[in-house]
Amino acid sequence: MADSPKVRLNRAEAESGLASVYGYSGGNTANGERANPNGMTATHRTLPFGTRVSVKHKHNGRTVSVRINDRGPSYAVVSLI
């Protein structure tokens, strides 16, 4: 896989909102990869495939780094696969 694009957002550009989780497996994602619920990947409406993002839980402060490899959802900022 090619290197992930270097996208650095400042606080004004960072997105805040709902993140969802789904256990999609077996099929292919929008970039053609096989969906893997243990793959630390996520969906986003517009970020380039391969972009790494940090997702922070607002209530417990924990963060996780995931790679964008699918498109959607329309109701959340990201959806963790």
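Restricted to the range 27-41, and to residues that are of a type in the set (S, T, N, Q) and in contact with an Asp or Glu (Cβ under 8 Å, 6 or more places away or on another chain), which residue is surrounded by the fewest Cβ atoms within 10 Å (Cβ to Cβ)? First the steps, then the outcome.
Taking the range 27-41 as the starting set, the residues that turn out to be of a type in the set (S, T, N, Q) are 28-29, 31, 36, 38, 41.
Subsequent filtering for residues that are in contact with an Asp or Glu (Cβ under 8 Å, 6 or more places away or on another chain) retains 29, 31, 41.
Numbers: 29: 20, 31: 15, 41: 21.
So, considering only residues that are of a type in the set (S, T, N, Q) and in contact with an Asp or Glu (Cβ under 8 Å, 6 or more places away or on another chain), the one surrounded by the fewest Cβ atoms within 10 Å (Cβ to Cβ) is 31.
May I ask you to list the residues in the range 42-53 that are surrounded by 11 or more Cβ atoms within 10 Å (Cβ to Cβ), free of Cβ contacts under 8 Å to residues at least 40 places away in the same chain and assigned to a loop (DSSP other than H, G, I, E, B)? Quick ask: steps written out before the conclusion?
Applying the first criterion (surrounded by 11 or more Cβ atoms within 10 Å (Cβ to Cβ)) to the range 42-53 yields 42-45, 47-53.
Okay, now just the ones that are also free of Cβ contacts under 8 Å to residues at least 40 places away in the same chain, so 42-45, 49, 53.
Hits for the range 42-53 are 44, 45, 49.
Report every pair of residues separated by at least 6 positions or lying on different chains whose Cβ atoms are under 6 Å apart, first residue within the range 54-81 and at pLDDT 80 or above, second basic (Lys, Arg).
Between residues of the range 54-81 that are at pLDDT 80 or above and residues that are basic (Lys, Arg), the close pairs are 63/56; 65/52; 67/52.
Would you call residue 24 of a type in the set (Phe, Trp, Tyr), surrounded by 10 or more Cβ atoms within 10 Å (Cβ to Cβ), assigned to a loop (DSSP other than H, G, I, E, B) and modelled with pLDDT under 85? Please lay out each step first, then the result.
Values: of a type in the set (Phe, Trp, Tyr): yes; surrounded by 10 or more Cβ atoms within 10 Å (Cβ to Cβ): yes; assigned to a loop (DSSP other than H, G, I, E, B): yes; modelled with pLDDT under 85: yes.
The answer is yes for residue 24.
Among 10, 36, 31, which is at pLDDT 90 or above and in a loop (DSSP other than H, G, I, E, B)? Let's see the steps before the verdict.
Values: 10 fails: at pLDDT 90 or above; 36 fails: at pLDDT 90 or above.
Result of the check over 10, 36, 31: 31.
The values are calculated or read from the model by the stated rules, or taken from the named source; none is laboratory data. None of these values were measured; they are calculated from a predicted model. A quick note on method: Cβ atoms are made from the backbone with ideal geometry, for glycine too, and the neighbour counts reach across all protein chains shown.
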